[in-house]
Amino acid sequence: MHRYIAQRLLTLVPVLLSISILVFLMIHLVPGDPVQVMLQDYGSAEQAAELRHTLGLDRPLPVQYGIFLWRLVHGDMGRSIRTGRPVAAEIVLRLPYTLRLTAASMAVAIALGLALGTLAAIHHRRFLDYAATMTALAGISLPSFWFGLVLILIFSYYLRWFPPAGADTPGSLILPAVTLGAGAASIIARLCRSSLLEVLRQEFIRTARAKGAGELRVLYRHGLRNALIPLLSIVGLQFAGLLGGAVIVELVFGWPGLGRLAVDAILNRDIPVIQGVVLVAAAIFVGVNLCVDLLYALVDPRIRYV
């Protein structure tokens, strides 16, 4: 197991370096002069020269990347053009909100997805199977911004159960978490259904039933336990994908997370903040996939020797 972990950690080095290169090149892929883009054509020539020197854009490209990487290793992502604050400080302030929303959405997705998938598999080709499948299909099809507005209209405007926006109370998390987790729940439900149906057709399930094991014991101890193995990968990918989907949901519900910070930075052409948000989101994505690989190897020991 230690060798497998070491191998997986070593593979992260080229991945993270590639991410750093792509993020670094963002400022050079902006059409036109990136300094004039950030100053929005309102700065003087002296201000443009000062900003170009501050960002190191007056140096050769390899030197710029070396400085960028050196600062990055020491936790320096530069300063926001709009506020003048360190980008790392802006991200540290917003990151806990996004992680909280993503974790809550993932909990909703797993609970709802496993429930719908198991229900559909148990009642295969019956009414509950079709109902659960149609519910999952609707969850995938509905745009998150529209679904979020519908939830606000019903539960905030008419029923007044939850606040429509903000992050001031514990109830503020429920509507955005359901909105963001609905799509992931649908994908998990469909995969859970197909995986569980495949497991329930295996010989060891028939053997367990022949030995007199109850249906619930067969389902939860033998069926779901083996059906969850392929679900681990999709759960990890969905968790990482929710980070990207949080951008729209955070705007709809006024949630002060990384998505809101990224949109504000794009509107203000604050390239250092955009770089920092993209870098942190990509690093979290890579970290989540590493955790999924390690958990997958823990559940299925055969993976360690592949």
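The stretch 193-282 holds helices (runs of 4 or more DSSP H) entirely within its bounds, and those carrying 2 or more residues that are small (Gly, Ala, Ser) and at pLDDT 75 or above map to 258-267.
Based on this model, can you work out whether residue 161 counts as within 21 Å of residue 107 (Cβ to Cβ), free of Cβ contacts under 8 Å to residues at least 12 places away in the same chain and not aliphatic (A, V, I, L, M)? Spelling it out, residue 161 is indeed within 21 Å of residue 107 (Cβ to Cβ), free of Cβ contacts under 8 Å to residues at least 12 places away in the same chain and not aliphatic (A, V, I, L, M). From the list 155, 145, the lone residue that is of a type outside the set (A, V, I, L, M) and touching a residue at least 60 places away in the same chain (Cβ under 8 Å) is 145. Yes or no: the stretch 144-162 includes at least one residue that is of a type in the set (Gly, Ala, Ser), part of a helix (DSSP H, G or I) and crowded, with 20+ Cβ neighbours inside 10 Å. For the stretch 144-162, residues of a type in the set (Gly, Ala, Ser), part of a helix (DSSP H, G or I) and crowded, with 20+ Cβ neighbours inside 10 Å: present.
Being modelled with pLDDT of 85 or more and in a helix (DSSP H, G or I) holds for only one residue in 27, 67, 110, and it is 110.
Restricting attention to the stretch 109-127, the residues that are within 14 Å of residue 182 (Cα to Cα) and either more than 13 Å from the chain's Cα centre (by Cα) or surrounded by fewer than 20 Cβ atoms within 10 Å (Cβ to Cβ) (or both) add up to 8.
State all residues of the stretch 83-107 that are assigned to a loop (DSSP other than H, G, I, E, B) and touching a helix residue (DSSP H, G or I) at 6+ places or on another chain (Cβ under 8 Å); if no residue qualifies, say none. Selection gives 83 alone. For the stretch 168-186, the criterion of being more than 18 Å from residue 249 (Cβ to Cβ), buried (at least 21 other Cβ atoms within 10 Å of the Cβ) and either at pLDDT 85 or above or not aromatic (Phe, Trp, Tyr) (or both) is satisfied by no residue at all. For the stretch 90-108, state whether one or more residues are farther than 30 Å from residue 284 by Cβ, of a type in the set (Asp, Glu) and either in contact with a Phe, Trp or Tyr (Cβ under 6 Å, 6 or more places away or on another chain) or surrounded by 14 or more Cβ atoms within 10 Å (Cβ to Cβ) (or both). Checked the stretch 90-108: no residue is farther than 30 Å from residue 284 by Cβ, of a type in the set (Asp, Glu) and either in contact with a Phe, Trp or Tyr (Cβ under 6 Å, 6 or more places away or on another chain) or surrounded by 14 or more Cβ atoms within 10 Å (Cβ to Cβ) (or both).
Among the residues making up the stretch 146-165, those that are over 12 Å from residue 252 (Cβ atoms) and over 25 Å from the mean Cα position of the chain (by Cα) are 154, 155, 157, 158, 159, 160, 161. With respect to (1) out of contact with any Pro (no Cβ under 7 Å at 6 or more places or on another chain); (2) farther than 27 Å from residue 279 by Cα, the lone exception for residue 169 is condition (1). Considering each of 21, 5 in turn, give the residue that is assigned to a helix (DSSP H, G or I) and either modelled with pLDDT of 75 or more or over 15 Å from residue 290 (Cβ atoms) (or both). So the residue among 21, 5 that is assigned to a helix (DSSP H, G or I) and either modelled with pLDDT of 75 or more or over 15 Å from residue 290 (Cβ atoms) (or both) is 21.
The values are calculated or read from the model by the stated rules, or taken from the named source; none is laboratory data. Because the structure is a prediction, the values reported are computed rather than measured. Cβ atoms come from the backbone with ideal geometry, glycine included; neighbour counts cover every protein chain shown.
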